[in-house]
Amino acid sequence: MTLKILAVASECAPFAKTGGLADVVGALAKVLGDHDSECRVLLPLYRSVVHLAEDADTVLDLGPRFGGPVRILSKRAEGIDLLLIDAPHLYDRPAQIYLDDTGRDWVDNHLRFGLLCWAGAVIGRDGVDGWRPDVVHAHDWQAGLVPVFLSQFDEETPPCVLTIHNIAFQGIFQPSTMGALGLNPAGFTQDGFEYFGNISFLKGGLVQADEITTVSPTYARELMTSEFGMGLEGVLRSRRDDLSGILNGIDTEIWDPGSDPALAQTYTSRTLKRKAANKSALLERFGLSGDGSEPLFSVISRLSEQKGLDIALQALPDAIERGARFVLLGSGSAELEKGFAELAQRYPDRVGVEIGFDEDLAHLIQAGADATLVPSRFEPCGLTQLCAMRYGTLPVVSKTGGLADTVIDANEAALAAGCATGFQFAPVTAEKLSDALSRAMDLYADRSAWQKQMRNAMKHPVGWDSSVAKVVSLYRGLAGS
Ligand code: ADP
Ligand code: GLC
């Protein structure tokens, strides 16, 4: 029997993306199609994707809700079946998904994502177009109230899985929003969606979901500790029997160095020499000096406290003084943006910095760099290290969450066994990152050892092949119960 899944998310690549959540929702929707499952993704019709409404079918009219008219449109695009929430009063806006043009959260984000949750629950209960999901899969806090709304209905509803992509974002709002959200006040308790006197979308979801997953086995364990649980460790410990960590994959069609249109030169593990043309293109793009023989480190990241890039700012000068080149693509914290701009001013021919979000440049950097840095303080899974490995670019990562689960450190034993794929360090300090960068530079000097490690990285499975089976088996278990 084909399994019908409704994914509910605020992001889905390639349509609306600020980070890895989008990649995962988009990639999973596509691969599920090859596993006897049918996934439709419920996504707000943001202004940036309003073109998707052309030729879309209206499949449900929800009437006036959350302050304006709401319709659900159905459309297949880029191999993904989308259900789009057409609610112009909430989504037809300029700027980013979550932030207004002054860089602050939209003041009505509770309504914008409350509607996403409510629409997800209604479609879960009633279906659309004669299509009713067997399982609803809610992603992150923006979809956290889906299981809460499902539990408020009297009718029979499908089971719901909630995936935590990042517990740092919990969707916390004033209790006065309860009425506008249509939440039953009986749920405003310690065992419900109440959290220190406020409403928490994520906590509500964690309490009500039938199953909870997160995006790596290590993060699943970390989440139950006070160091990583960000206040929700107790709730998660109480649900430990229903919590599992299933490693993310990347879309290996979008991230394929053999066919990537954003590269200066495509290559495979058999034609590794061609990778060098991307390094030259990257050095030229950033106006950096060198003949390509110097190691080139990179960062592609949101610039936030989570990512540990303040430590990179401290550790990089030593490596740069030793001859390394460095490029960064990212945006976020003003302080980090300033810090990296200053680094580029200090080493204008060795450091290139681009503040912004640029999908094509991200691909070129993955192909052109020798190594990529992910020194995160916590990292639920991390996708950049997976993309890097697929492109033969060695990750230098902190030993946490999904980074710990996906990178094999080039320690003596791994080097002797010939299985290393990158470099890990712990704890997250500038000193330890510095050591890891030195180790990387030493290994880089040994061309054949480095190339062996590049090939290992490229062989490392980074797609969805093994994880999708676990996801499907979770869905089947729920649908059958
Ligand atoms: P997170 O979701 O915490 O930001 P991930 O590593 O899971 O981290 O995913 C980040 C995704 O966003 C990757 O696909 C990465 O290439 C992309 N990305 C991050 N910053 C940028 C940027 N400035 N420009 C383009 N892509 C970016
Ligand atoms: C989050 C996490 C990241 C993860 C991504 C997709 O944004 O920070 O580690 O890879 O979600 O699950």
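The values are calculated or read from the model by the stated rules, or taken from the named source; none is laboratory data. Quick caveat: nothing in here was measured; it's all calculated off a predicted structure. Ideal geometry is used to build each Cβ from the backbone, glycine not excepted, and the neighbour counts take in all protein chains shown. Please note that ligands, DNA and RNA were not included when accessible areas were found on the heavy atoms of the full protein model with its side chains. Shrake-Rupley method; radii C 1.70, N 1.55, O 1.52, S 1.80 Å.
Rounded to the nearest 10 degrees, the angle from helix 334-346 to the longest Cα principal axis of the chain is 20 degrees. Taking amide H atoms as placed 1.01 Å from N in the peptide plane, the amide H of LEU3 lies under 5 Å from those of SER37, GLU38, each 5 or more residues away in sequence or on another chain. With r defined as the distance between the Cβ atoms of GLN345 and SER438 and R0 fixed at 22 Å, what FRET efficiency is calculated, to the nearest 0.05? For R0 = 22 Å, the calculated efficiency reads 0.35. When you restrict to C-alpha pairs under 8 Å that are six or more residues apart and normalise by the size of segment 272-459, the relative contact order lands at 22 percent. Taking 7 Å steps out from each Cα toward its Cβ at SER293 and GLU431 produces label points 3.5 nm apart.
The 3J(HN,Hα) values that the Karplus relation (6.51, -1.76, 1.60; θ = phi - 60°) gives for segment 142-149 are, in residue order, 4, 10, x, 7, 3, x, 5, 5 Hz. Gly and Pro appear as x.
Within segment 223-271, the GluC sites (Glu not before Pro) that combine a DSSP coil assignment with at most 16 other C-beta atoms in a 10 angstrom radius are GLU227, GLU253. A Förster radius of 35 Å combined with the Cβ-Cβ distance from ARG270 to ARG322 puts the calculated FRET efficiency at roughly 0.65.
Using the structure shown, select from LYS17/LYS338; LYS75/LYS203; LYS4/LYS203; LYS275/LYS338; LYS4/LYS399 the pairs with a Cα to Cα distance greater than 29 angstrom. The pairs that break the limit, which is 29 Å between Cα atoms, are LYS75/LYS203; LYS275/LYS338; LYS4/LYS399. Computed from the C-beta positions of ASP34 and THR58, the FRET efficiency with R₀ = 41 Å rounds to 0.90.
Working note: Karplus 6.51/-1.76/1.60 with θ = phi - 60° gives segment 39-53 the couplings 10, 10, 9, 8, 9, x, 7, 5, 4, 5, 10, 5, 4, 5, 6 Hz, where Gly and Pro are set to x. Near VAL8, the amide H atoms lying under 5 Å from its own belong to LEU42, HIS137, ALA138, HIS139; only residues 5 or more places off or on other chains count, and H is placed 1.01 Å from N.
The stretch between GLN314 and GLN174 holds 46.5 nm of extra length on full extension. This uses 0.36 nm per residue minus the Cα-Cα distance.
One equal scatterer on each Cα of segment 305-389, no solvent, Debye formula: the resulting log10 I(q)/I(0) at q = 0.11, 0.24 Å⁻¹ is -0.29, -1.51. Adding -39500 (n - 2.57) for every DSSP H run of four residues or longer, then dividing by how many residues the chain holds, sets the calculated 222 nm ellipticity at -10500 deg cm²/dmol.
What the phi angles of segment 196-210 give under the Karplus curve with 6.51, -1.76 and 1.60, with θ = phi - 60°, is a coupling list of 6, x, 10, 9, 10, 4, 5, 4, x, x, 5, 6, 8, 4, 6 Hz, glycine and proline written as x. Label-to-label distance, ASP100 versus SER238, with points set 7 angstrom from Cα along the beta-carbon direction: 3.6 nm. For segment 174-315, the residue among GLY205, MET178, MET230 whose Cα projects farthest onto the positive side of the dipole built from Cβ charges is MET230. Here, the chain has an Rg and a Dmax of 22.7, 69 Å when only alpha carbons are counted. To the nearest 10 degrees, how steep is helix 309-321 against the longest Cα principal axis of the chain, on a 0 to 90 scale? Its long axis makes an angle of about 10 degrees. Suppose we flag chymotrypsin sites (Phe, Trp or Tyr not before Pro) only when DSSP calls them loop and at most 14 other Cβ atoms lie within 10 Å. Which is the longest uninterrupted stretch of the chain? The reported range is 197-481. Relative contact order of the chain: 12 percent, from C-alpha pairs under 8 Å at least 6 residues apart in sequence.
Using a simple spin-label model with pseudo-atoms 7 Å out from Cα toward Cβ, ILE355 and ARG47 lie 2.2 nm apart. Rounded to the nearest 10 degrees, the angle from helix 447-459 to the longest Cα principal axis of the chain is 20 degrees.
Of MET224, MET389, the residue with the largest accessible area leads and the full order is MET224, MET389 (1.4 Å probe).
In plain terms, the C-alpha convex hull of segment 272-459 casts an average shadow of 9.2 nm² when viewed from every direction.
Estimated at 0.36 nm per residue, the fully extended path between GLU335 and LEU415 surpasses their Cα-Cα distance by 25.0 nm.
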